[in-house]
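The values are calculated or read from the model by the stated rules, or taken from the named source; none is laboratory data. Please read all numbers here as calculations on a predicted model, not as lab measurements. As a convention, Cβ positions derive from the backbone with ideal geometry for all residues, glycine included, and neighbour counts pool all protein chains shown. Just the protein is used for accessible areas: all its heavy atoms, side chains included, with ligands, DNA and RNA removed. Shrake-Rupley method; radii C 1.70, N 1.55, O 1.52, S 1.80 Å.
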Amino acid sequence: MLKMSHLAKVYRTEVVETYALRDFNINVKEGEFVAVTGPSGSGKTTFLTIAGLLETFTGGEYHLDGVEVSKLDDNARSRIRNEKIGFIFQAFNLIPDLNVFDNVEVPLRYRGMKAAERKQRIMDALERVGLASRAKHYPAELSGGQQQRVAIARALAGSPRLLLADEPTGNLDTQMARGVMELLEEIHREGATIVMVTHDPELAARAQRNVHVIDGQVVDLAEDPRFHAASHLADTAS
Amino acid sequence: MFGYYLELAMRSMKRNRVLTALMVVAVALGIGSCMTTLTVLHVLSGDPMPGKSQNLYTPQIDPRAMDGYVEDGPMLDQVTWIDGMNLLRSKRGEHQALMTGGAMTVQPSDGSIDPFYANSRYTTADFFPMFAIPLLYGRAWNASDDEARTRVAVISSELNDKLFHGEDSTGKSIRIHGTDMRIVGVIGDWRPTPHFYDLNMGDFANTEDVFVPLSVARELLLPRSGSIDCWGPGGSAEESLEKASCVWLQFWVQLDSPAKAAEYRQFLLHYVQEQKALGRFERPARVELFNVMQWMDYKQVVPGDVKLQTLLAMGFFLVCLVNTVGLMLAKFMRRSVEVGVRRALGASRRAVFAQLLTEAGIIGLMGGLLGLMLAMAGLVLVRAQPAQYASLAHLDMEMLVLTMVLAIVATVLAGVLPAWRACQIAPALQLKTQ
């Protein structure tokens with residue numbers, strides 16, 4: 001479903017080159033629920049934005065649903081984003097002056113879907129997240145958990161093949177976070193492929209598979225000396 | 001998608017009412033001032049004979065004595081009686097007419113209204129077909145009426161309204177300067193602007209109310225008005241103007257192709273050389289032949305201050321547009337998160353660009369409508385001025401359409417840079433920084 005090989009992302013200025021990702025390899029199969037973890041600044045979010053075709057990469061290869069995406073133009077990338085990818089952001093990113101219904105409608109509008117089909121899909125998605133009765137409410141009238149559910153409904157409405165979630169519970173209290181996580185698990189059980197970036201080990205543990213990123217690379221925790229050094233220090237301290 | 005973009009534009013404008021109002025007012029002020037001056041310029045520099053002006057010519061020849069001769073100096077704008085009649089009788093054009101202006105007393109023959117002054121034109125029969133003058137009733141007089149000095153007149157519809165309540169007055173008589181004349185025709189709606197065929201009456205003078213054969217006017221010595229330029233010995237007594245060394249008549253000729261115009265120019269040159277050979281003309285042979293629009297340019301009919309005002313107003317419009325660009329840039333960049341979200345959800349750069357330009361277009365439309373109202377108010381002020389052209393300053397359909405097109409196109413163009421900048425926003429960065 002999602003395969004990156006030797007991917008690199010370099011930010012260049014006149015004096016310095018910063019590698020956000022280097023020799024980054026990952027393979028997510030259809031139907032998997034993968035948690036990407038790592039410390040702040042390790043490159044998790046950069047990976048997610050590249051995976052979601054929101055950012056280009058400097059080297060390597062990226063195949064999404066069998067398509068090599070590096071040569072695609074903006075229109076083709078936008079179409080793939082619209083049809084195959086659903087985003088869930090930490091800050092929800094709902095458009096404040098659109099009500100719940102209109103927020104969920106946004107990706108469907110860019111697909112050129114007929115009004116009747118749009119309405120059906122929106123209401124189905126809102127039913128699924130338990131917010132059908134709030135369709136006419138504005139984001140400011142909802143709790144954080146409800147806003148994230150709307151964002152999930154927006155991501156699901158277009159029936160994407162891949163859900164990308166960036167710290168989906170990062171802005172929520174424990175109870176709301178649990179609700180959102182249960183929803184994601186339910187969506188996964190129904191067959192969705194989910195890649196979730198998180199720094200919360202508890203959330204990561206609920207995914208099928210964990211991928212750890214340090215300094216822009218995927219590492220095997222069992223073999224990485226940096227992990228052992230950190231564990232050793234932690235043991236000594238305790 | 002356009003419907004969706006319109007819906008989003010309306011939402012966005014509602015959300016930022018003050019900023020939107022500022023942009024609409026900026027566009028409206030620029031459009032209002034620009035269209036006020038452009039309308040005046042359009043009226044003053046318009047083609048008085050659309051579709052025909054390129055075929056109507058007035059010649060310049062110089063019958064003056066050598067006294068005061070300057071090489072390539074200005075020529076005379078009018079012709080003498082002798083030259084006018086010679087050119088008229090040569091019949092080298094499809095139509096030709098000799099004319100001068102006048103002002104005289106008019107009264108219905110039954111004396112039901114007190115006499116009053118009316119502007120008049122003394123001319124020859126071809127005046128009417130040559131200038132394609134529409135007739136509401138009756139007909140124009142013909143060449144035999146000119147020859148026979150028949151007491152006939154053609155009147156304007158305004159005069160017909162005043163004297164005969166708008167009824168068909170052909171066959172009735174009016175008393176012109178004490179002589180009864182039979183009305184043979186009533187002119188319909190005809191007011192060429194500028195008054196190209198005789199600028200001596202005022203560049204933007206009204207069409208005359210009474211038209212009388214030139215031969216009759218000369219026989220009755222009807223009061224003449226306009227300009228007269230004499231030279232050499234002899235006077236400019238009204239009764240002997242036919243023989244005087246004075247130019248006081250306008251001559252127009254219809255030549256239906258450039259080839260015919262070139263032939264006519266040759267004919268004029270031969271005529272001047274012939275007159276020199278006869279000893280009438282002294283100056284080196286030189287002729288000019290202007291069509292209507294060339295004549296308007298040569299005579300600088302459009303006042304210089306109107307051109308300057310138009311340039312200043314356009315400059316002001318440009319300043320307003322630059323302000324609009326700044327305001328739009330601020331407005332669109334403030335929505336960078338929304339743009340980022342839309343991009344993440346599948347909007348291409350092109351879609352975001354189109355959405356923002358639609359919003360710019362709506363602002364332009366609103367600015368155009370408000371600008372139209374300001375332009376109308378501006379034209380009311382222009383009409384209140386004492387200038388001769390003031391009464392002509394009205395917005396016609398052409399200028400109305402131009403106003404709206406200019407407002408929308410200019411605002412959309414002003415929106416190109418802000419929209420381009422907004423759709424270049426990196427969505428990842430916007431979404432990360434939330």
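For B:Ile31, indicate whether it is among the hydrophobic types (A, V, I, L, M, F, W, C), open to solvent by less than 10 Å² (accessible area, probe 1.4 Å), more than 24 Å from B:Asn200 (Cβ to Cβ) and modelled with pLDDT under 95.
It is true that B:Ile31 is among the hydrophobic types (A, V, I, L, M, F, W, C), open to solvent by less than 10 Å² (accessible area, probe 1.4 Å), more than 24 Å from B:Asn200 (Cβ to Cβ) and modelled with pLDDT under 95.
Using the structure shown, decide if B:Leu44 is crowded, with 17+ Cβ neighbours inside 10 Å and within 18 Å of B:Gln294 (Cα to Cα).
Spelling it out, B:Leu44 is indeed crowded, with 17+ Cβ neighbours inside 10 Å and within 18 Å of B:Gln294 (Cα to Cα).
Let's see how each residue does on (1) within 14 Å of chain B (Cβ to nearest Cβ); (2) in a strand (DSSP E or B); (3) within 16 Å of the chain's Cα centre (by Cα); (4) within 21 Å of A:Asn210 (Cβ to Cβ):
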position: A:Lys3; (1), (2), (3), (4): no, yes, yes, yes
position: A:Val10; (1), (2), (3), (4): no, yes, no, no
position: A:Asn25; (1), (2), (3), (4): no, yes, no, yes
position: A:Ser70; (1), (2), (3), (4): no, no, no, no
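Scanning the range B:352-364 for residues that are within 14 Å of chain A (Cβ to nearest Cβ) and open to solvent by 10 Å² or more (accessible area, probe 1.4 Å), which turns out farthest from the chain's Cα centre (by Cα)? Lay out the reasoning, then the answer.
Of the residues in the range B:352-364, the ones within 14 Å of chain A (Cβ to nearest Cβ) are B:352-355, B:358-359.
From the residues that got through so far, the ones that are open to solvent by 10 Å² or more (accessible area, probe 1.4 Å) too are B:353-354, B:358.
On the way: B:Phe353: 41, B:Ala354: 40, B:Thr358: 36 Å.
Top of the filtered list is B:Phe353.
Specify the residue that is modelled with the lowest pLDDT; the eligible residues are those in the range A:35-50 that are among the small types (Gly, Ala, Ser) and within 29 Å of A:Ser78 (Cβ to Cβ).
A:Gly41
Kindly indicate which of B:Ala103, B:Ala132, B:Ala97 is out of contact with any helix residue (DSSP H, G or I) (no Cβ under 7 Å at 6 or more places or on another chain) and in a strand (DSSP E or B).
B:Ala103
Table: residues versus (1) out of contact with any Lys or Arg (no Cβ under 7 Å at 6 or more places or on another chain); (2) not in a helix (DSSP H, G or I).
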site	(1), (2)
B:His42	yes, no
B:Gly68	yes, yes
B:Arg92	yes, yes
B:Gln107	no, yes
B:Asp114	yes, yes
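Any chance the range B:134-152 includes a residue that's open to solvent by less than 20 Å² (accessible area, probe 1.4 Å), within 24 Å of the chain's Cα centre (by Cα) and over 25 Å from B:Phe251 (Cα atoms)?
no
Tell me whether the range A:166-176 contains one or more residues that are more than 20 Å from A:Leu108 (Cβ to Cβ) and assigned to a strand (DSSP E or B).
Looking for residues that are more than 20 Å from A:Leu108 (Cβ to Cβ) and assigned to a strand (DSSP E or B), one finds at least one in the range A:166-176, hence yes.
Quickly run through the range A:152-174 and pick out the residues that are over 13 Å from the mean Cα position of the chain (by Cα), within 13 Å of chain B (Cβ to nearest Cβ) and among the aliphatic types (A, V, I, L, M).
Result: A:Ala153, A:Ala157.
Taking interchain pairs and intrachain pairs at least six residues apart, which have beta carbon atoms under 7 angstrom, with the first residue in the range B:365-386 and surrounded by fewer than 19 Cβ atoms within 10 Å (Cβ to Cβ) and the second not in a helix (DSSP H, G or I)?
Note: pairs meeting the criteria are B:Met376/B:Leu395; B:Arg383/B:Ala393.
If B:Val79 satisfies every condition in (1) within 14 Å of chain A (Cβ to nearest Cβ); (2) crowded, with 21+ Cβ neighbours inside 10 Å but one, which is the exception?
(1)
Give just the number: which of (1) open to solvent by 50 Å² or more (accessible area, probe 1.4 Å); (2) closer than 21 Å to B:Ala387 by Cα does B:Ile228 not satisfy?
That leaves (2) as the condition not met.
Picking from B:Leu329, B:Leu289, which residue would you name as being open to solvent by 20 Å² or more (accessible area, probe 1.4 Å) and either outside the structural domain of B:His95 (by TED's automatic domain parsing) or farther than 30 Å from B:Leu406 by Cβ (or both)?
Answer to the check: B:Leu329.
Name the pairs: first residue in the range A:71-94 and without any contact (Cβ under 8 Å) to a residue 24 or more places away in the chain, second residue open to solvent by 30 Å² or more (accessible area, probe 1.4 Å), Cβ to Cβ under 7 Å, at least 6 apart or on different chains?
A:Asp74/B:Arg349; A:Asn75/B:Arg350
Working only within the range B:213-234, note down all residues that are more than 22 Å from B:Leu199 (Cβ to Cβ) and part of a strand (DSSP E or B).
Passing the criteria: only B:Pro213.
With respect to B:Met314, is the statement that it is outside any loop (DSSP other than H, G, I, E, B) and either within 14 Å of another protein chain (Cβ to nearest Cβ) or open to solvent by 50 Å² or more (accessible area, probe 1.4 Å) (or both) true?
Working: outside any loop (DSSP other than H, G, I, E, B): yes; either within 14 Å of another protein chain (Cβ to nearest Cβ) or open to solvent by 50 Å² or more (accessible area, probe 1.4 Å) (or both): yes.
For B:Met314, the condition - outside any loop (DSSP other than H, G, I, E, B) and either within 14 Å of another protein chain (Cβ to nearest Cβ) or open to solvent by 50 Å² or more (accessible area, probe 1.4 Å) (or both) - is met.
For A:Leu108, indicate whether it is closer than 15 Å to A:Ala155 by Cα and either open to solvent by 30 Å² or more (accessible area, probe 1.4 Å) or modelled with pLDDT of 90 or more (or both). Write out each step before concluding.
Working: closer than 15 Å to A:Ala155 by Cα: yes; either open to solvent by 30 Å² or more (accessible area, probe 1.4 Å) or modelled with pLDDT of 90 or more (or both): yes.
So A:Leu108 fits the description; yes.
When only residues in the range A:27-53 that are free of Cβ contacts under 8 Å to residues at least 40 places away in the same chain and surrounded by fewer than 21 Cβ atoms within 10 Å (Cβ to Cβ) count, which is nearest to the other protein chains (Cβ to nearest Cβ)?
A:Gly41
Count, please, the residues in the range A:54-68 that happen to be at the interface with another protein chain (Cβ under 9 Å from one of its Cβ atoms) and either out of contact with any Gly (no Cβ under 9 Å at 6 or more places or on another chain) or free of Cβ contacts under 8 Å to residues at least 12 places away in the same chain (or both).
1
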